[in-house]
Each structure stands twice: as structure tokens, then as C-alpha cells.
Amino acid sequence: MTDKKITIAIDGHSSCGKSTMAKWLAKQLGYIYVDTGAMYRAVTLFALRKGLFHDDTLDTNALESLMPSIAVGFVVQPTTGVPQTTLQGEVVEEYIRGMEVSSKVSQVAALPFVRRAMTQQQQRMGADGGVVMDGRDIGTAVFPDAELKVFVTASAEVRAQRRYAELQERGQAATYEDILQNVQERDYIDSHRDIAPLRQAEDALLLDNSHLTIEAQNKWLLSQATQCIEAQNEK
Ligand code: DC
């Protein structure tokens with residue numbers, strides 16, 4: 001029997017726990033986990049650090065000219081085995097999850113030249129299969145031929161509550177109302193942009209986890225992945 005490594009695309013709305021489930025699944029399967037949202041967040045952090053935002057307006061020309069010099073990547077944390085996002089070689093995990101980056105990332109992720117660069121890098125990372133990639137357009141634009149596609153959603157209120165708890169745990173200040181507004185704004189921008197908007201691929205399985213426990217969700221996910229891998233190996 002061959003041991004074909006498949007590509008798993010996990011797309012969906014923000015703050016649905018996609019990264020937690022994708023990370024967990026990758027560990028179970030011995031696959032590489034790629035958090036594509038973190039890549040867009042790192043580019044946003046770069047723009048902030050370079051002072052390219054003037055209030056909420058981004059100097060897109062300046063960002064485009066600097067694009068070739070932006071190095072986004074991942075290094076595996078030796079103790080946990082979890083990939084950490086890097087920008088220009090520096091681990092930036094703690095800077096890319098706060099409200100400042102969250103409130104600007106959709107604007108950056110809508111830029112065609114940013115999407116082009118990130119998509120190409122993601123396609124290179126997943127070229128040999130054996131990846132679980134989470135994002136918004138993995139099953140529709142980055143890997144439209146992925147063997148398993150899951151589209152995850154939950155109500156905006158449930159998602160805002162989850163993100164609020166996460167930020168509180170990290171000691172980062174934010175109110176529930178601001179987070180809910182941010183979640184709704186990002187949903188809107190992500191699903192209405194011209195290039196690779198957030199949408200469920202026709203062949204994606206829908207997972208609404210508003211009322212699911214993590215255990216029930218993980219069980220379902222692993223069973224879908226296992227069935228898919230077995231089916232591929234039987235071919
Ligand atoms: O998954 P996340 O919340 O970390 O993603 C951050 C932002 O990046 C989100 O607003 C949408 C955008 N994004 C995207 O446009 N395409 C992806 N593949 C992943 C994220």
C-alpha cells in the first residue's frame with residue numbers, strides 16, 4: 001500500500017478555532033501545519049512597523065515596492081513542536097495576534113500583490129502534500145484540488161466570545177463589543193473582496209461548531225481525514 005500524503009484545506013470565518021483544530025489534526029497525522037492567516041498578519045505588522053499606515057489609510061504603493069524584501073516564514077518551537085511565525089527572521093507571534101494588527105489585516109489581505117506573494121509561498125510550502133493549511137481561500141484558490149476541504153463557521157457572537165477569552169488569557173486589553181465589531185467587519189471585508197473572497201468551496205464539508213465541544217469536533221475531523229487518506233491509498 002502506498003502512503004499518500006494528502007492536502008487538507010481548512011477555511012472559514014475568523015475566530016472559529018480553525019488554527020487550533022488544524023494544528024491538532026496536523027499533529028495526529030504527522031503533517032505540516034501552515035497558518036496562512038499568520039502570514040497576512042506578519043505582512044500587516046511589517047507595514048505598521050514601517051509606518052505605512054496613516055491613521056487607517058495604508059500607503060499601498062510603498063508596501064508594494066517593499067514587498068520583495070518582506071520575509072515571512074515559520075520556525076518550529078523545539079519544546080512544543082508548534083510552528084512560530086517569523087518576520088525578517090524574528091519570531092513575531094506575540095505581536096501579530098493583538099487588536100492593532102487584527103483591525104488592519106483584512107485591508108492588507110485584500111491587496112492583489114500581497115495575495116499573489118502569499119499564495120505562491122503557500123503553494124511552495126504545500127507542494128509535496130502532507131499539509132494541513134488553514135485560511136480563507138485554501139480550498140478555493142491556493143489548493144483547489146486539495147483532497148479534503150473543510151469550511152468552518154460559528155455565530156459571530158460565539159466567535160467574539162472565544163477571541164475575548166483568548167486575549168484575556170494573554171493579558172491583552174480589549175472589550176467584547178470591540179472584538180464583536182472587529183469579527184463582523186472582517187467577515188464582511190473577507191467575503192466581499194475582489195480577489196479570492198472567503199466562500200465555501202463546492203466540494204468542502206461544512207462544519208458549524210457553535211455548539212460543538214472541541215472533543216466532538218476533533219473526533220469528526222480525524223475521522224474525515226482518515227477516511228480520505230484511506231480512500232486515496234486505495235486508488
Ligand atoms: O485566520 P486569521 O484571523 O489569523 O486571518 C487574519 C486575516 O487574514 C483575516 O482577516 C483574513 C486574512 N486571510 C486571508 O485573506 N486569506 C487567508 N488564506 C488567511 C487569512
inquiry  = Run the simple label-point estimate for Glu234 and Thr20 please: 7 Å along Cα→C-beta, distance reported in nm.
reply    = 3.4 nm
task = Give, as ranges by residue number, the residues of the range 114-129 whose backbone N falls under 19 Å from the point 7 Å along Cα→Cβ of Ser65.
result = 114
inquiry  = For the chain, set up a GNM with springs between Cα atoms under 10 Å and report which of Leu66, Leu206, Leu87 has the largest fluctuation.
reply    = Leu66
message = Report for the chain the percent antiparallel among DSSP-assigned beta bridges with both residues inside it, nearest 5.
response = 35 percent
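About its Cα centre, what dipole magnitude does the chain give when the only charges are +1 on Lys and Arg Cβ and -1 on Asp and Glu Cβ, stated in debye to the nearest 20?
About 380 debye.
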inquiry  = Please compute the modelled spin-label separation between Ser155 and Ser223, points set 7 Å along Cα→Cβ, answer in nm with one decimal.
reply    = 2.6 nm
Efficiency of FRET from Cβ geometry, Asp203 and Val76, R₀ 30 Å, rounded to 0.05 = 0.45
remark   = Per the Cα gyration tensor, the chain corresponds to an equivalent ellipsoid with semi-axes, largest first in Å, of 28, 21, 17
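With an 8 Å Cα cut-off and a minimum separation of 6 or more residues, compute the relative contact order for the chain in percent.
Computed over the chain, the figure is 34 percent.
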Euclidean distance between Cα centres, the range 46-110 to the range 214-235, Å = 33 Å
message = Taking 0.36 nm per residue of sequence separation and subtracting the Cα-Cα distance, how much length would be gained by fully extending the chain between Glu100 and Glu169, in nm to one decimal?
response = 23.1 nm
query = Which one of Gln232, Ser14, Val43 has its Cα pushed farthest toward the positive end of the charge dipole of the chain, where Lys and Arg give +1 and Asp and Glu give -1 at the Cβ?
reply = Gln232
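Values in this text are rule-based calculations from the coordinates and carry no lab data. What you see is a predicted model, and the numbers here were worked out from it, not measured in a lab. Cβ atoms come from the backbone with ideal geometry, glycine included; neighbour counts cover every protein chain shown.
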